[in-house]
Amino acid sequence: MPDCKEIRVNTVPAYTAIIGPSLLKKCGQLLRKAISPCHMAVVTDSAVGPLYLETVTESLKTAGYEASAYEFPAGEEHKNMTTLSAILEFLAKEHLTRTDCLIALGGGVVGDMAGFAAACYLRGIRYVQMPTTLLSAVDSSVGGKTAIDLGAGKNLAGAFLQPAAVLCDTDCLRTLPQPVLADGAAEAVKTGVLCGESLFALFEDGTLKADPAEVIARCVAYKAGVVERDEKEQGERKLLNLGHTVGHAIEKCSGYAVPHGRAVAAGLAVMARAAERLGWTNGPVADRVGRCLEAQGLPVSTEFSPGALAEAALADKKRSGGSITLVVPKRIGLCELKTVPVTELLPVIRAGWEA
Ligand code: GLY
C-alpha cells in the first residue's frame with residue numbers, strides 16, 4: 001500500500017502490523033485480508049470512542065463484518081477486574097463465538113484491557129490492535145502482552161496472546177495532546193537505546209516529530225525481532241523492560257498519577273546514570289540518554305526517594321525470589337541483563353538517583 005509500512009511479526013500465528021495514514025477509514029477492507037466476515041466487537045474508551053468509533057464501525061460494516069462496540073471510562077484506574085468483567089459480559093450478551101473477533105481501539109490501557117478480555121473469553125478469541133497513541137503504536141500493540149492491574153500492582157493478571165493484526169493509523173497522533181505524545185516518546189527512546197545508533201539518531205535529529213511513521217515502523221521492526229526470538233519473556237525480551245524497574249516503582253509510588261511513559265523516562269535516566277557511575281558501561285551513555293529524553297519534554301529524575309523506589313520495585317513481578325534482573329545500558333545499542341541480589345537494588349538506585 002502506498003504511504004504505508006508493513007512489518008511482519010513471525011510468531012505462531014504470524015501477523016502483520018500496518019503503519020500509515022487514513023487506516024481507520026479503510027480498516028474493514030484491510031482486515032478482510034487476514035480475517036473473513038465475522039462479528040467484530042470494538043472495545044474502546046471514553047477518550048477515543050467519540051473520536052474514531054463511528055469511522056471504525058462504518059468501515060467494518062461496509063466490508064461485510066457485523067460490528068458492535070463497548071466503551072469504558074478512560075484511565076489506568078479502569079484497567080481492572082471490574083472493567084474486564086463488564087467487557088466479558090458484553091461479549092457474551094452479543095453472542096460472540098470462537099470464530100469472532102475483538103478490536104482494541106485506543107492506547108495502551110485499551111490494548112492491554114481488550115487483549116486480556118480476548119484471551120479470557122471462551123478461553124481465547126482473536127483480537128486486532130488499533131493503537132491510537134504513540135506509546136501503544138511503538139510498543140504495547142505489538143508482542144501480545146495483555147493484562148489488567150490488581151490492587152497489589154500493575155499488570156499482575158494477564159496473558160500472552162498475539163493479535164491477529166495491528167493497524168496503526170498515524171493520523172490519530174495529530175489529535176494527541178503534547179504530554180501524551182511525549183509519554184509515547186519515552187518507549188520509543190528506550191527502543192532506540194536497545195536497538196542502536198541508527199534508530200537512536202532519529203530522536204536526536206528530530207525525525208520523531210517530522211516522520212513519526214518511520215520511527216514507529218523502526219521500533220515495531222526491532223520489537224518484532226525480539227518477540228519472535230523470545231515470545232514469553234524467558235530471556236532476551238526482558239531487555240524491553242529497560243527503565244521499567246524504576247519506572248514501575250515511580251508509577252506505584254505516585255498512586256499511578258505519573259503516566260507510564262514519564263515514569264519509564266525517569267527510570268531509564270536513573271539506570272543509565274547508575275550504570276555509568278558503577279562502572280558497568282563501555283563509555284558515556286547517561287548524558288546522551290538524558291539530553292534525548294529532555295528534548296522530548298520528558299523527566300530525567302524523580303521526587304520519590306531511592307528507599308521508596310526500591311521498596312516498590314521489590315513488590316514488582318520482575319523480582320524472582322531473592323534476586324532481581326536489571327537491564328543495564330552499556331552503550332547505545334548494547335544493553336545487558338544483570339541479575340543481582342535484591343539487597344543490591346537500593347545501592348544501584350542510589351547511585352543513579354541524583355541527576
Ligand atoms: N513492553 C515490553 C514488552 O512488550 O515486552
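No lab work stands behind these numbers, since they all come straight from the coordinates. For clarity, every value in this text was computed on a predicted model and none was experimentally measured. No Cβ is skipped: glycine too gets one built from the backbone with ideal geometry, and neighbour counts run over all protein chains shown.
Observations on the structure shown:
- For the range 282-299, the Karplus equation 6.51 cos²θ - 1.76 cosθ + 1.60, evaluated at θ = phi - 60°, returns couplings of 9, x, x, 9, 5, 5, 5, 5, x, 4, 5, 5, 5, 5, 8, x, 10, x Hz by residue, with Gly and Pro reported as x.
- Debye, to nearest 20: dipole size of the chain, +1 on Lys, Arg Cβ, -1 on Asp, Glu Cβ: 740
- In this simple spin-label model, placing a label point 7 Å from the Cα along the Cα-to-Cβ direction at both Glu94 and Phe160 gives a separation of 2.8 nm.
- 20 Å Cα-Cα threshold exceeded, pairs from Lys79/Lys145; Lys145/Lys232; Lys26/Lys79; Lys33/Lys61; Lys145/Lys223: Lys26/Lys79
- For the range 245-258, Karplus couplings with θ = phi - 60° (6.51, -1.76, 1.60), whole Hz, Gly/Pro x: 4, 6, x, 4, 5, 5, 4, 5, 4, 8, x, 6, 7, 7
- Amide H to amide H distances under 5 Å link Gly144 with no residue, where only residues 5 or more positions off or on other chains count and H is placed in the peptide plane.
- Fewest neighbouring Cβ atoms within 10 Å first, the residues Leu167, Leu194, Leu161 line up as Leu161, Leu194, Leu167.
- Translational diffusion of the range 233-349 was estimated from the Stokes-Einstein equation, with Rh taken as the Kirkwood radius over Cα pairs; at 20 °C and 1.002 mPa s the coefficient is 153 µm²/s.
- Axis of helix 108-120 versus longest Cα principal axis of the chain: the two differ by about 60°, to the nearest ten degrees.
- Cut-off under 5 Å, modelled amide H: who pairs with Ile324 long-range: Val340, Val342
- Within-12-Å neighbourhood charge of Tyr70 [Cβ basis; K, R +1; D, E -1]: -3
- Taking only the alpha carbons of the chain, we obtain Rg and Dmax values of 19.6, 60 Å in that order.
- Karplus (6.51, -1.76, 1.60) ³J(HN,Hα), θ = phi - 60°, over the range 301-314, in Hz, Gly and Pro reported as x: 8, 9, 6, 6, 5, x, x, 5, 5, 4, 4, 5, 5, 6
- Of the beta bridges in the chain, as assigned by DSSP with both residues counted there, near 45 percent are antiparallel.
- Loop-located trypsin sites (Lys or Arg not before Pro) in the range 186-291, at most 13 other Cβ atoms within 10 Å (DSSP): Lys232
- Net charge of neighbours whose Cβ lies under 12 Å from the Cβ of Trp353, counting Lys and Arg as +1 and Asp and Glu as -1: +1
- For Lys330, distant residues with modelled amide H under 5 Å away: Cys335, Glu336
- Across the chain, C-alpha contacts under 8 Å between residues 6 or more apart give a mean separation that, scaled by the residue count, equals a relative contact order of 15 percent.
- Sparse-neighbour loop sites [GluC sites (Glu not before Pro); the range 262-355; at most 16 other C-beta within 10 Å; DSSP]: Glu303, Glu354
- Cα-based Kirkwood hydrodynamic radius, the range 65-158, one decimal, Å: 13.2
- Angstrom value of the Kirkwood radius, inverse mean 1/r, which spans all Cα pairs in the range 1-104: 14.9
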